[in-house]
Amino acid sequence: MSVGRILRLTRGAPAWTHRSFRTSTALLKQDDFTKIMSTEIEKIHKKVKDALPGSDWSPFKPMDHLPPEHADIVIVGGGVMGWSVAYWLKKMQTKKKAFNVLVVERDPTYSHASTVLSAGGIRQQFSRPENIQMSLFGAQFLRNINEHLGIINEDPVDIQFNPSGYLFLSSEKGAEILEENYRVQREQGAKVTLFSPDQLKKKFPWINTQGVALASYGLENEGWFDPWLLLSALRRKALSMGVLHCHGEVTGFDCATQEMVTVNGDPVNFKRISQVVVQMQNSLETQPVECMAVINTAGAWSSKVAELAGIGCGNPGTHEGVRLPIEPRKRYIYTFHCPNGPGLDCPLMIDSSGAYFRREGLGGNYIGGLSPPEDEEPDNSNLDVDHEYFNQKVWPLLAHRVPAFESLKVKSAWAGYYDYNTYDQNGVIGTHPMVQNLYFACGFSGHGLQQAPAVGRALAELMNHSRFTTLDLSSFGFERFIFQEPVLESNIV
């Protein structure tokens with residue numbers, strides 16, 4: 001049987017099942033030993049305190065900063081995607097399947113996190129039905145966020161959602177695609193409408209309609225919100241449900257390997273991760289964590305995490321040589337002020353040129369930017385901002401479309417990372433066919449924030465039931481890279 005045949009037969013098959021150790025006699029004995037040791041350590045601490053009153057010195061190094069030695073599920077990456085998966089795993093757990101979940105995040109300040117450095121938008125205006133459905137669920141989740149993330153006796157969650165919609169402008173060249181996208185969106189239940197140039201001018205008088213053949217506008221469930229507030233709410237709720245977390249970097253996996261041979265005599269290695277090696281923050285100290293499954297939600301750095309399990313490290317042209325095609329892409333977001341700019345009716349407008357902007361609060365403040373072409377990608381080794389990029393590339397496009405922006409003034413700017421899927425710019429969701437207990441939720445290329453609630457639910461379903469139960473996202477699996485089956489999305493921003 002060929003490897004391709006093996007992989008096709010195992011698509012959607014359960015790759016991992018939960019195994020409980022809670023009634024293990026060995027573990028009970030270990031717990032007794034731990035209690036005895038804790039009692040003895042407390043006695044030693046008391047003696048030291050009596051001998052050295054007022055001193056904080058201890059003969060024992062504190063271990064609170066270390067992760068546990070065992071976790072059923074280790075989530076690599078504590079951004080919005082990682083915490084969403086953790087939340088849904090806990091929400092769906094039962095007494096028979098009570099998972100011990102650990103989230104490992106290397107940047108506790110989130111200063112480089114894609115989540116908090118994004119523009120915070122949510123839209124249903126995609127071309128793939130799955131993407132539309134994920135964002136529709138995301139909008140529903142945000143609308144009822146306190147039913148999901150509210151905590152008793154704590155303040156209600158407010159992510160400062162602004163329901164002002166997305167407005168896509170199309171030239172004559174792209175009008176047919178926009179019409180087809182509109183048809184798919186309406187079929188999927190999205191509330192979207194099309195505007196002719198005259199209708200567009202009537203709705204938004206501040207737009208220059210020159211070169212616009214058609215526009216698409218989201219009427220409901222679109223807008224923007226504060227990404228940090230959503231991340232914080234997911235994290236707080238997950239922790240309240242018993243999710244564990246630690247600050248550190250995953251630097252390795254210990255794997256058990258089983259070799260199989262194809263009918264052609266080619267060896268194929270199937271792996272299972274048995275331990276995750278976590279290096280503590282600002283330290284050379286490491287802690288191995290025994291686990292039963294690992295979820296890669298490391299965003300722009302997901303490919304490096306995959307390589308730790310040998311993914312993409314095999315010979316070119318082999319299945320083991322197929323890498324996870326995700327890399328960091330730097331994107332600039334500029335804040336600017338224009339006292340005579342669009343008012344409260346201002347949507348998140350995306351020009352046919354690719355330039356975009358939206359209102360930021362009140363008083364004539366806005367944010368905007370433009371994704372560069374492939375051959376002009378900026379250096380992603382840092383998050384420095386190229387201010388000339390705005391002057392030369394972004395400003396002329398915005399000023400052409402909104403004449404009032406000819407007098408805008410840039411106030412500040414920042415840069416963030418897309419976890420960019422270079423293969424087809426869509427997310428990677430599900431398990432790896434040859435590393436059987438490694439799951440992915442990464443590579444969303446700029447729309448991961450809005451799809452995090454749906455993806456977290458999908459991963460939890462897959463791990464609980466060995467299949468997707470509410471929304472079939474199997475087309476986003478890793479196998480598409482092996483079988484050369486891209487999932488194309490025509491409405492990437």
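The values are calculated or read from the model by the stated rules, or taken from the named source; none is laboratory data. Note that the coordinates shown come from a computational prediction; the quantities given were computed from them, not determined experimentally. Please note: Cβ atoms are built from the backbone with ideal geometry, for glycine as well, and neighbour counts cover all protein chains shown. Heads up: the accessible areas ignore ligands, DNA and RNA and are worked out on the full protein's heavy atoms, side chains in. Shrake-Rupley method; radii C 1.70, N 1.55, O 1.52, S 1.80 Å.
For the reader, a short list of remarks on this structure follows.
- Under 11 Å from the N340 label point (7 Å along Cα→beta-carbon), backbone N, the range 385-405: 403-405
- On Cα atoms only, tilt of 25-51 relative to the major axis of the chain in degrees: 90
- Cβ-defined net charge surrounding F390, 13 Å radius [Lys, Arg +1; Asp, Glu -1]: +2
- With all protein chains modelled, accessible area of D158 [1.4 Å, Å²]: 100
- Computed in the context of the full set of protein chains, the accessible area of the chain at 1.4 Å probe radius has 51% of its extent on carbon or sulfur.
- Axis of helix 448-465 versus longest Cα principal axis of the chain: the two differ by about 40°, to the nearest ten degrees.
- The phi torsions of the range 429-438, fed into the Karplus equation with coefficients 6.51, -1.76 and 1.60 and a -60° offset, translate into couplings of 10, x, 8, 8, x, 10, 10, 6, 10, 10 Hz, rounded to whole numbers, with Gly and Pro shown as x.
- Net charge, E461 excluded, C-beta distance under 13 Å - Lys, Arg +1, Asp, Glu -1: +3
- Percent RCO, i.e. relative contact order, over the chain, from Cα pairs under 8 Å lying at least 6 residues apart: 21
- The candidate values are (i) 42, 23, 21; (ii) 43, 29, 21; (iii) 29, 26, 24; the one derived from this structure for semi-axes √(5λ) of the Cα gyration tensor in Å carries the label (ii).
- Across the protein chains, with a 1.4 Å probe defining accessible surface, the residues I159, I492 rank I492, I159 from largest area downward.
- Based on the reciprocal of the average 1/r between different C-alpha atoms, the Kirkwood radius for the range 203-340 equals 20.4 Å.
- Across the range 341-493, counting alpha-carbon atoms alone, Rg and Dmax equal 19.2, 57 Å.
- Residue-averaged [θ]222 nm for the chain, counting only DSSP H segments that reach four residues, each worth -39500 (n - 2.57): -8500 deg cm²/dmol
- Proximal aspartates and glutamates to K95, defined as alpha-carbon separation beneath 14 angstrom and excluding residues fewer than eight positions away on the same chain: none
- Candidate aspartates and glutamates - alpha carbon under 17 Å from K202, same-chain residues fewer than 8 apart omitted: D345
- In order through the range 408-423: 3J(HN,Hα) via Karplus (6.51 cos²θ - 1.76 cosθ + 1.60), integer Hz, x for Gly, Pro: 6, 10, 6, 9, 6, 6, 8, 10, x, 9, 8, 8, 7, 8, 6, 7
- Against the chain, whose longest principal axis is taken from its Cα atoms, helix 227-240 shows a tilt of about 30°.
- Largest accessible area first, the residues L362, L397, L324, L219 order themselves as L362, L219, L397, L324 under a 1.4 Å probe with ligands, DNA and RNA left out.
- Calculated accessible area for the chain comes out at 47 Å² per residue, all protein chains present (probe 1.4 Å; ligands, DNA, RNA ignored).
- Above-threshold pairs, the threshold being 18 Å between Cα atoms, out of K91/K237; K97/K271; K330/K393: K97/K271
- Beta bridges assigned by DSSP with both partners in the chain are antiparallel in approximately 70 percent of cases.
- Geometric extent, Cα atoms of the range 308-400 - Rg, Dmax (angstrom): 18.8, 59
- Of the listed residues D424, D386, D198, D472, the order by accessible area with a 1.4 Å probe, largest first, is D198, D472, D386, D424.
- The local environment of V243, defined by Cβ-Cβ distances under 13 Å, has a net charge of +3 under the rule Lys, Arg +1 and Asp, Glu -1.
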